[in-house]
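Here the structure is laid out as structure tokens; the discussion comes afterwards.
None of the figures in this text is laboratory data; all of them are computed from the coordinates on show. No experiment lies behind these values; they were computed from the predicted model shown. We place every Cβ from the backbone using ideal geometry, glycine too, and count neighbours over all the protein chains shown.
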Amino acid sequence: MSDSEQWRAMRERYARFRETELGRLFTAYDHATIAYWQRDGDETISDTRLKALDEACRKAANSFLAKLMDLANV
């Protein structure tokens with residue numbers, strides 16, 4: 001399998017993963033984390049907005065972690 005074929009196969013696998021409950025939780029967590037860190041170093045952003053981004057990140061992380069713990073039966 002060529003590198004291009006491997007890349008395409010991995011992208012298709014990732015797309016299928018994102019359609020699952022775990023994939024949706026991971027995507028929400030990933031996007032919330034990125035949004036927070038994109039703004040964290042911005043001195044012009046309000047504390048209120050940064051706190052809202054932090055809360056969204058925390059909620060997404062908690063949901064993702066809860067599902068992982070369920071899958072691990074702990």
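From its DSSP helices (H runs of at least four residues, each -39,500 (n - 2.57)), the chain gives a residue-normalised ellipticity at 222 nm of -28500 deg cm²/dmol. The base-10 log of I(q)/I(0) for region 1-48, evaluated at q = 0.16, 0.17, 0.26, 0.31 Å⁻¹, reads -0.63, -0.67, -0.89, -1.01 [Debye formula, identical scatterers on Cα atoms, solvent excluded]. Packing, as the average of other Cβ atoms within 10 Å across residues, places the peptides 33-45, 50-62 in the order 50-62, 33-45, highest first. With θ taken as phi - 60° and the Karplus curve 6.51 cos²θ - 1.76 cosθ + 1.60 applied, the whole-hertz 3J(HN,Hα) list for region 27-39 is 4, 4, 4, 4, 5, 5, 5, 4, 4, 5, 6, 5, 9 Hz, x standing for glycine and proline. Using θ = phi - 60° in the Karplus curve 6.51 cos²θ - 1.76 cosθ + 1.60, the 3J(HN,Hα) couplings for region 66-72 round to 4, 5, 4, 5, 4, 5, 7 Hz; x is entered for Gly and Pro. A dipole drawn for the chain from +1 and -1 charges on Cβ atoms has a positive end, and of 41, 9, 57 the residue lying farthest that way is 9.
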